Amino acid sequence: IVHMAQEIKDKSEKDYQEVYNAIAVKLREEDEFDGYIGYGPVLTRLAWHSSGTWDKNNNTGGSFGGTYQFQKESNDPSNKGLHNGAEFLAPIHKQFPWLSHGDLYTLGGVVAIQELQGPVIPWRPGRVDLPEDMTPDNGRLPDAVYGADYVRNFFKRLDLNDQEVVALMGAHCLGRTHLQNTGFDGPWGAASNTFTNEFFLNLLNENWKLEKNEAKNMQWNSPKGYMMLPTDHALIEDDKYMAYVKLYATNNDKFFEDFAKAFKKLLEGGITFPQSTPTYRFETLDSQGL
Ligand code: HEM
Ligand SMILES: CCN(CC)c1nc(N)c2ccccc2n1
């Protein structure tokens, strides 16, 4: 299967910046969601989950077709809680009906990262909605209970290497786990809605203890109230991953640079873009003085 992005001839950078700004203003205004964490983290996870169904071996799934809009995908147990992100974006789709669902879900993640003071994520439009029968089966997203070998093997399907995997996992600086969504809990106290390299600093500096949580799942907890999923902790159990954890803990610019590249690659997996498709680097609200 080839997913050729369509050339959007009648929309300019200004049109897409207008969509960016509509999402960003709504994000700024609706700050009370999830105990004042806001919608940034769940929008980031929605962009990742709508892209993370891709299988490079047969080019099925991925962000192109916007199939998260169909219940077969949105009801995947792996997607519990993400309806909050989809409901947040629904009015944006009404306001800009010319934007495909695939472009909407991925753009939501770009706005979230940039408005939470993360790096600029270059983004290309042209995803085309596919019919419901093209929705990938459930079970393509990763479980949190396994170790480094599982993580490495899982991300091979998405064509992502060790460095890209560690950079991407840095997005766990945002938001939190919710017991009723995934059976994991925490961090306790202030979850974060600012994009930083804190995840890597915590991995290296905290005193981790493996404990069974209230849902009978094992997770790593620290006396300061932080937590790590088993797949998070795996990054300091494996020498190759550990090297990148140390790099990103000590070099925030490098983390931002590598995250931006890897997140773009994740959001574009399986898509062939025409040479004429522009790459947009959006301005944040702050940089526009808005
Ligand atoms: C081995 C790979 C991964 C596993 C097993 C995993 C697992 C999880 C789990 C269990 C949660 C808690 C969800 C909830 O309870 O509401 C979560 C949240 C989150 N994940 Fe991941 N994740 C992975 C990779 C990623 C990647 C690659 C990104 C983005 C680049 C990402 C971004 C997020 C964000 C932003 C949240 C917070 C969502 C919120 O606060 O509602 N994760 N992840
Ligand atoms: C870096 C500590 N935080 C946020 C304050 C954190 N840590 C995590 N390990 C984590 C894992 C999945 C989802 C969100 C997460 N958030």
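The values are calculated or read from the model by the stated rules, or taken from the named source; none is laboratory data. Owing to the predicted nature of the structure, the values given are computational and were not obtained by experimental measurement. Note: ideal-geometry Cβ built from the backbone for every residue, glycine included; neighbour counts use all protein chains shown. Heavy atoms of the whole protein, side chains included, go into the accessibility calculation; ligands, DNA and RNA do not. Shrake-Rupley method; radii C 1.70, N 1.55, O 1.52, S 1.80 Å.
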Net charge dipole size for the range 148-254 [Lys, Arg +1 and Asp, Glu -1 on Cβ; Debye, nearest 20]
120
Could you give the angle, 0 to 90 degrees to the nearest 10, between helix 101-115's Cα long axis and the longest principal axis of the Cα atoms of the chain?
60
How large is the accessible surface of LYS261 in square angstrom, using a 1.4 angstrom probe and rounding to the nearest 10?
120
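Could you state the orientation-averaged shadow area of the convex hull built on the Cα atoms of the chain, in nm² to one decimal?
Working: hull surface 57.7 nm².
Average of the hull's projected areas for the chain equals 14.4 nm².
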Where does the longest stretch of the chain lie that holds no chymotrypsin sites (Phe, Trp or Tyr not before Pro) found in a DSSP loop with 13 or fewer other Cβ atoms within 10 Å?
189-290
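Output the antiparallel fraction of DSSP beta bridges having both residues in the chain, as a percent to the nearest 5. Don't skip to the end; give the middle numbers.
On the way: 10 of 12 bridges.
Beta bridges within the chain, antiparallel portion: roughly 85 percent.
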Sorted from largest down, what three extents in whole angstroms do the Cα atoms of the range 60-185 have along their principal axes?
42, 35, 31
When the helix-only estimate is applied to the chain (DSSP H runs of n ≥ 4, each -39,500 (n - 2.57), divided by the residue count), what is the mean residue ellipticity at 222 nm, nearest 500 deg cm²/dmol?
-12500 deg cm²/dmol
How much length would be gained if the chain were fully extended between ASP15 and THR277, taking 0.36 nm per residue of separation minus their Cα-Cα distance, in nm to one decimal?
92.9 nm
Debye sum, Cα scatterers, the range 148-254, no solvent: what log₁₀ I/I(0) at q = 0.14, 0.18 1/Å?
-0.54, -0.90
Please give the charge dipole size of the range 23-101, origin at the Cα centre, charges +1 on K and R Cβ atoms and -1 on D and E Cβ atoms. Round to the nearest 20 debye.
260
Among MET227, LEU160, PHE184, flag the residue with its Cα farthest along the positive direction of the charge dipole of the chain, charges on Cβ as +1 for Lys/Arg and -1 for Asp/Glu.
LEU160
Could you calculate the contour length gain from VAL25 to LYS209, that is, 0.36 nm times the residue separation minus the distance between their Cα atoms, to one decimal place in nm?
62.2 nm
If you roll a 1.4 Å probe over the heavy atoms of the protein chains, what accessible area per residue do you get for the range 148-254, in Å²?
47
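Gain in length, ASN153 to LEU141, computed as 0.36 nm per residue apart minus the alpha-carbon separation, to one decimal in nm?
Working: separation 12, 0.36 × 12 = 4.32 nm, distance 1.24 nm.
Full extension from ASN153 to LEU141 adds 3.1 nm.
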Taking the Cα centre of the chain as origin and charging only Cβ (+1 Lys, Arg; -1 Asp, Glu), how large is the dipole, in debye to the nearest 20?
320
Which of the GluC sites (Glu not before Pro) found in the range 1-40 are in a DSSP loop and have at most 10 neighbouring Cβ atoms, other than their own, within 10 Å?
GLU32
Backbone HN-Hα couplings from phi across the range 191-204 [Karplus 6.51/-1.76/1.60, Hz, Gly and Pro as x]
6, 10, 10, 10, 7, 9, 8, 4, 4, 6, 5, 4, 3, 8
Provide the solvent-accessible area of GLU268, counting protein heavy atoms only and rolling a 1.4 Å probe, rounded to the nearest 10 Å².
20
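Take the solvent-accessible surface of the protein heavy atoms, probe 1.4 Å, and return the percent of it on the chain that carbon and sulfur atoms account for. Walk me through the numbers on the way to the answer.
Numbers: 6520 of 12990 Å².
Ligands and nucleic acids excluded, carbon and sulfur give 50 percent.
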From the residues ASN21, GLY35, ALA47, which one has its Cα farthest along the dipole of the range 1-90 in the positive direction, the dipole being from +1 and -1 charges on Cβ of Lys/Arg and Asp/Glu about the Cα centre?
ALA47
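Over the Cα atoms of the range 1-135, what is the Rg over Rh ratio if Rh follows Kirkwood?
Numbers: Rg = 14.4 Å, Rh = 15.2 Å.
Rg/Rh: 0.95.
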So what is the relative contact order of the range 148-254, in percent, for Cα pairs below 8 Å that sit 6 or more residues apart?
27
